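These notes concern the structure reproduced below.
We did not get these values from a lab; they are worked out from the coordinates using the rules stated. Here the structure is a predicted model, which means the values were calculated and not measured. Glycine also receives a Cβ, built like all others from the backbone with ideal geometry; neighbour counts cover every protein chain displayed.
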């Protein structure tokens, strides 16, 4: 069994944003279907995706819902920095504050996760 953490760092407005989030979500979906241990984490400007993907009208809403149970959370510092904390909590996503107010890469690595970033 693979142990993989998919970390979304890409924002919502860059030219390559849609490609990055599609690839991240599809990687999580494939790993989930393979019964692998997979976590999806949003950090940096990537925290802005959670409000977008939670909208039923968003074209990726269905795939987001298919992998929502694999979302480990969103970086607390970043959610605050990008004013996304309320939207993230409203979507039922955990705020990660494992290294101060940040999510922890060391925790993932120490727990045997291969980290892939998008």
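Miscellaneous remarks
- Relative contact order, percent, the chain [alpha-carbon distance under 8 Å, six or more residues apart]: 32
- Ordering 67, 94 by the number of other Cβ atoms within 10 Å of each residue's own Cβ, fewest first, gives 94, 67.
- Sorted by Cβ neighbour density within 10 Å, fewest at the top, the residues 97, 84, 33: 33, 97, 84
- Dividing the summed helix terms, -39500 (n - 2.57) for each DSSP H run of n ≥ 4, by the number of residues in the chain produces a 222 nm estimate of -10500 deg cm²/dmol to the nearest 500.
- Cα shape, segment 1-57, gyration tensor, a/c 1.5 rule: prolate
- Size estimate for segment 3-117 follows the Kirkwood approach: the inverse of mean 1/r over distinct Cα pairs works out to 13.9 Å.
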